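The values are calculated or read from the model by the stated rules, or taken from the named source; none is laboratory data. Values in this document were obtained by computation on a predicted structure and should not be read as measured data. Neighbour counts are summed over all protein chains in view; Cβ atoms, including those assigned to glycine, are modelled from backbone coordinates with ideal geometry. To get the accessible areas, we keep the full protein, side chains included, count just its heavy atoms, and leave off ligands, DNA and RNA. Shrake-Rupley method; radii C 1.70, N 1.55, O 1.52, S 1.80 Å.
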Amino acid sequence: LLSTLARRVTLGVTAPLPLVSFSFARSVHLAFRLLQRGSNIGKVVVLVKAAETSPQQGSGTSLLTGGTGALGLITARWLAQQCTPALLLASRSGAVASSSWCEWEALQQSGVPVKVRRCNTAEPLDVLQLMGIRFHESPRLSGIWHTAGVLSDGTLTGQSAATLVYVYGPKAHSSVLLQRA
């Protein structure tokens with residue numbers, strides 16, 4: 001199917017969907033306004049300038065919250081490629097999701113030591129326990145990559161206090177708890 005579609009695009013029979021891009025630094029608000037109006041057709045892309053620095057080689061353990069999910073494992077693999085000496089992946093379940101198994105296996109092939117711990121970063125006691133374990137088992141902490149999150153798609157008018165708390169907890173509330181710990 002994809003090869004047929006690619007051939008049709010190459011021949012000019014089918015046109016790709018339009019793409020509108022916005023600079024994160026200069027015009028991200030315009031991207032959100034366009035999406036808010038619902039008048040866009042195709043893709044709306046926000047371009048983020050690549051980081052000019054990467055983790056320093058040999059600088060210590062990188063902690064990834066939401067570390068066993070898709071975004072966490074992709075970030076962990078990138079960190080392994082940047083020569084991070086050790087990774088500590090924290091997640092609510094403490095297990096790698098079956099849908100992310102290929103990413104997990106690729107990370108295992110990197111040779112970087114990886115530990116996985118169960119931790120709900122929206123729970124203060126879990127965060128304190130994680131930090132206590134980390135200090136006893138791992139080299140010093142060089143950074144926290146907060147990739148934990150929960151998805152709850154829906155229109156704003158369809159959201160309730162419960163759905164907002166459900167999404168808010170793993171991201172914003174967890175950030176505060178991690179900073180305090």
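In nm, give the distance between the simple-model label positions of Gln108 and Thr155, each being 7 Å from the Cα along the Cα-to-Cβ direction.
4.6 nm
Using 7 Å Cα-to-Cβ label points, what is the Lys43/Leu164 separation (nm, one decimal)?
The modelled label-to-label distance comes out at 3.3 nm.
Plugging the Kirkwood radius over Cα pairs into Stokes-Einstein for region 85-145, at a temperature of 4 °C and a viscosity of 1.567 mPa s, what D comes out in µm²/s? Walk me through the numbers on the way to the answer.
Details: Rh = 12.5 Å.
Diffusion coefficient, whole number: 103 µm²/s.
When a/c reaches 1.5 or more, the comparison of a/b and b/c decides; with that in mind, is region 63-181 rounded, prolate or oblate per its Cα gyration tensor? Before the final figure, lay out each step's value.
Details: a/c = 2.35, a/b = 1.42, b/c = 1.65.
It is oblate, given that a/c is not under 1.5 and a/b is not larger than b/c.
Rolling a 1.4 Å sphere over the protein heavy atoms, what is the accessible area per residue of region 1-53, to the nearest Å²? Display every interim value, and only then the final one.
Numbers: 4660 Å² over 53 residues.
Heavy-atom accessible area per residue stands at 88 Å².
Okay, helix-only estimate at 222 nm for the chain: each DSSP H run of n ≥ 4 adds -39500 (n - 2.57), divide by all residues, round to 500 deg cm²/dmol; what do you get? Intermediate results must be reported in sequence, preceding the final value.
Values: 7 runs with 73 residues, N = 181.
Dividing the helical sum by the residues of the chain leaves -12000 deg cm²/dmol.
Skip the ligands, DNA and RNA, and give the accessible area per residue of region 77-137 with a 1.4 Å probe, whole Å². Intermediate results must be reported in sequence, preceding the final value.
Details: 3440 Å² over 61 residues.
For region 77-137, the per-residue accessible area is 56 Å².
Rounded to a whole number, what % of the accessible area of region 83-146 do carbon and sulfur atoms account for, probe 1.4 Å?
On the way: 2060 of 3650 Å².
Here it works out to 56 percent.
If I take every Cα pair under 8 Å that is 6 or more residues apart in the chain, average their sequence separation and divide by the length, what percent do I get for the relative contact order? Let's see the in-between values first.
Numbers: 257 pairs, mean separation 34.1, N = 181.
Relative CO of the chain lands at 19 percent.
Sort all Cα-Cα distances of region 1-132 into consecutive 10 angstrom bins from zero, then give the percent of pairs in each bin up to the one containing the longest distance.
Once binned at 10 Å, the Cα pair distances of region 1-132 give 11, 25, 24, 28, 11, 2, 0.
Cα-based Rg of region 114-181 per 2.2 N^0.38 Å, rounded to two decimals?
Here the answer is 1.31, to two decimals.
How long is the gain from Arg180 to Glu123 if the chain were fully straight, where each residue apart is worth 0.36 nm and the alpha carbon distance is subtracted? Before the final figure, lay out the partial values.
Values: separation 57, 0.36 × 57 = 20.52 nm, distance 1.24 nm.
Additional length available on full extension: 19.3 nm.
Highest first, please rank the peptides 12-21, 27-36 by the mean number of other Cβ atoms sitting within 10 Å of their residues.
Values: 12-21: 9.6, 27-36: 13.0.
Most protected by this proxy first, the peptides run 27-36, 12-21.
From Cα pairs below 8 angstrom and at least 6 apart in sequence, can you work out the relative contact order of region 66-166, rounded to a whole percent?
Working: 108 pairs, mean separation 29.7, N = 101.
Rounded, it is 29 percent for region 66-166.
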